[in-house]
Amino acid sequence: MGSTAISTQQAFSNLQKITPLSYSSSSRSIRSSNGQCFWSMRRRAVPPRCCTATAAEVAAKENRQAVLKNGDDALEICRVLNGMWQTSGGWGRIDRNDAVEAMLKYADAGLSTFDMADHYGPAEDLYGIFINRVRRERPPELLETVRGLTKWVPPPVKMTRSFVVQNIDVSRKRMDVASLDMLQFHWWDYANSGYLDALKHLTDLKEEGKIKTIALTNFDTERLRIILENGIPVVSNQVQHSLVDMRPQQKMAELCQLTGVKLITYGTVMGGLLSEKFLDTNLSIPFAAPPLNTPSLQKYKRMVDAWGGWSLFQELLRTLKTVANKHGVSIPTVAVKYILDQPTVAGSMVGVRLGLSEHIKDVNAVFSLVLDEEDISSILQVTNKGKDLQKIIGDCGDEYRRA
């Protein structure tokens, strides 16, 4: 996945038909002091799923991995990413040791791509501890599959080279890597064109080896087009995308198909709303439903309200449960697979509450699940009843820039 089918110049000429929107606002081997390899540690380590040579897993590799690519820049990731927003507070106290053990467990199960940000509390520091554990205690084959994707979310100030370098060096130090696998850039204010200056400095840092791939997060279609026209080698844009929020499949997907840029999605299980936990619940009756007691549950409940309300959402959950029962999986598994099957989607995020809960079985079931025409038709019968969030909220990321 990810190779560009046509030239960028040709792609932009084709884009004239798109009507602009209006807007409301290192891998290392570890040896002992005497030079002996940690062979005994390797033998005790749990073999990662991605390295197990069973026929079923070899056949499923294409479903499990995706390559994000722009020109000579390429990064292979697991198609279900471990989202680490939950380490930033609001989901329960995270114990450092338990969190790192949980990260090792996910990686051993083949779920070895982690997504974080400079402002997600201790996320980058946890990754630094984790990757050092992998270097010491796991075989090189697993280390080669681990990816750490981070984000930089600066204030919209003047983007000098020194300011950009300083901030990127902080993430490299916290994550204990010489080169960031991916730097996903966010910008708050489109009226300030400093985002282009920042991205040009980031491109220079990529050429210097401090960053392997450059990506975006929460950029809209128009700004993505401008960025590509300025020669920034973007490989992906991370956006909110779920059965309720299908905005990325409108103008954004069309531009991505033309240019080869891929989408990484978050909010795909809506903080847990798309699960059996909220099936047949009534939020209007006190104690008749689980509390909306995390930032993600509260955020995505607002999306449900804008889309069509709790009654329609219950109809969607019942439909997803029927599909899930048919395939012997869970509602979240169906929800993630549906989005992964959408055009230009390379990967979807599932948040991890490290050391507090886990969903390894449900996530790994995604890779073998095949939704048939009957499944898709039944889901569309419900989602088509919802409102078009592009008309209500705007394009991808506009929810962060509305007055």
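The values are calculated or read from the model by the stated rules, or taken from the named source; none is laboratory data. Not measured: the values here are computed from a predicted model. Cβ sites come from the backbone with ideal geometry, for glycine too, and all protein chains shown count toward neighbours. In case anyone asks, the SASA skips ligands and DNA or RNA and just uses the protein heavy atoms, side chains included. Shrake-Rupley method; radii C 1.70, N 1.55, O 1.52, S 1.80 Å.
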For this session: Go through I285, I331, I227, I232 for me and flag whichever is among the β-branched types (V, I, T) and under 29 Å from E373 (Cα atoms).
Result: I331
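I need the full set of residues from region 271-282 which are in a loop (DSSP other than H, G, I, E, B) and either out of contact with any Phe, Trp or Tyr (no Cβ under 7 Å at 6 or more places or on another chain) or open to solvent by 60 Å² or more (accessible area, probe 1.4 Å) (or both), in order please.
We begin by selecting, within region 271-282, every residue in a loop (DSSP other than H, G, I, E, B); these are 273-275, 279-282.
Correct list: L274, S275, L279, D280, T281, N282.
Filter region 335-379 down to the residues that are among the hydroxyl-bearing types (S, T, Y) and not in a helix (DSSP H, G or I), then identify the one that is nearest to D108 (Cα to Cα). Reasoning before the result, please.
First, the residues of region 335-379 that are among the hydroxyl-bearing types (S, T, Y): 338, 344, 348, 357, 368, 377-378.
Filter again for not in a helix (DSSP H, G or I), leaving 344, 348, 357, 368.
On the way: T344: 28, S348: 19, S357: 16, S368: 18 Å.
Residue satisfying both the conditions and the ranking: S357.
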Exercise. If you check I285, I226, I232, I214, which single one turns out to be in contact with a helix residue (DSSP H, G or I) (Cβ under 7 Å, 6 or more places away or on another chain) and outside any strand (DSSP E or B)?
Worked result: I232
Exercise. Considering only residues of region 241-259 that are outside any helix (DSSP H, G or I) and open to solvent by 10 Å² or more (accessible area, probe 1.4 Å), which is farthest from E207 (Cα to Cα)?
Worked result: M246
For this session: State whether the residues of region 110-123 include one that is more than 15 Å from the chain's Cα centre (by Cα) and either aliphatic (A, V, I, L, M) or outside any loop (DSSP other than H, G, I, E, B) (or both).
Result: no
For this session: Could you check how many residues of region 132-168 are open to solvent by less than 30 Å² (accessible area, probe 1.4 Å), in a strand (DSSP E or B) and among the charged types (D, E, K, R)?
Result: 1
Exercise. What is the residue count in region 324-334 for residues that are open to solvent by less than 10 Å² (accessible area, probe 1.4 Å) and either in a loop (DSSP other than H, G, I, E, B) or of a type in the set (S, T, N, Q) (or both)?
Worked result: 1
Problem set entry | Flag if T265 is crowded, with 20+ Cβ neighbours inside 10 Å, closer than 27 Å to I392 by Cα, touching a Cys at 6+ places or on another chain (Cβ under 8 Å) and not hydrophobic (A, V, I, L, M, F, W, C) | no
Problem set entry | Subset tally (residues that are outside any helix (DSSP H, G or I) and under 18 Å from Q86 (Cβ atoms)) for region 288-310 | 5
Exercise. With (1) more than 27 Å from A365 (Cα to Cα); (2) surrounded by fewer than 20 Cβ atoms within 10 Å (Cβ to Cβ); (3) of a type in the set (D, E) as the list, and E124 as the residue in question, which single condition is left unmet?
Worked result: (2)
Exercise. Which ones in region 303-320 are of a type outside the set (F, W, Y) and either at pLDDT below 95 or over 16 Å from K391 (Cα atoms) (or both)?
Worked result: G309, S311, L312, Q314, E315, L316, L317, R318, T319, L320
Seminar exercise, completed: Flagged in region 182-205 as surrounded by fewer than 20 Cβ atoms within 10 Å (Cβ to Cβ) and either in a helix (DSSP H, G or I) or charged (D, E, K, R) (or both), in numbering order, are D189, G194, L196, D197, K200, H201, T203, D204
Seminar exercise, completed: Considering region 63-101, residues that are open to solvent by less than 30 Å² (accessible area, probe 1.4 Å) and part of a loop (DSSP other than H, G, I, E, B), and then whichever is nearest to I232 (Cα to Cα), we arrive at R79
Exercise. Counting only residues that are at pLDDT 95 or above and open to solvent by 60 Å² or more (accessible area, probe 1.4 Å), how many does region 335-360 have?
Worked result: 1
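Between G267, G272, which is under 13 Å from the mean Cα position of the chain (by Cα) and within 14 Å of S296 (Cα to Cα)?
G267
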Exercise. What pairs can you find where one residue is in region 166-180 and closer than 17 Å to V134 by Cα, the other is aromatic (F, W, Y), and their Cβ atoms are less than 6 Å apart, with a gap of 6+ or different chains?
Worked result: M175/Y127
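Table: residues versus (1) closer than 28 Å to S296 by Cα; (2) small (G, A, S); (3) touching a Ser or Thr at 6+ places or on another chain (Cβ under 7 Å).
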residue	(1), (2), (3)
D115	yes, no, no
E124	yes, no, yes
Y127	yes, no, no
E137	no, no, no
K151	yes, no, yes
V165	no, no, no
Problem set entry | Selection from region 207-240 of residues that are touching a Gly at 6+ places or on another chain (Cβ under 7 Å) and within 26 Å of D388 (Cβ to Cβ) | N218, F219, D220, V239, Q240
Seminar exercise, completed: When V363 is run through (1) of a type in the set (V, I, T); (2) at pLDDT 95 or above; (3) under 18 Å from the mean Cα position of the chain (by Cα); (4) closer than 30 Å to R93 by Cα, the failure sits at (2)
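Test S171 against the criterion of being of a type in the set (S, T, Y) and surrounded by fewer than 16 Cβ atoms within 10 Å (Cβ to Cβ), and give yes or no.
no
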Exercise. Is it fair to say L228 is aliphatic (A, V, I, L, M), more than 23 Å from Q65 (Cβ to Cβ) and open to solvent by less than 10 Å² (accessible area, probe 1.4 Å)?
Worked result: no
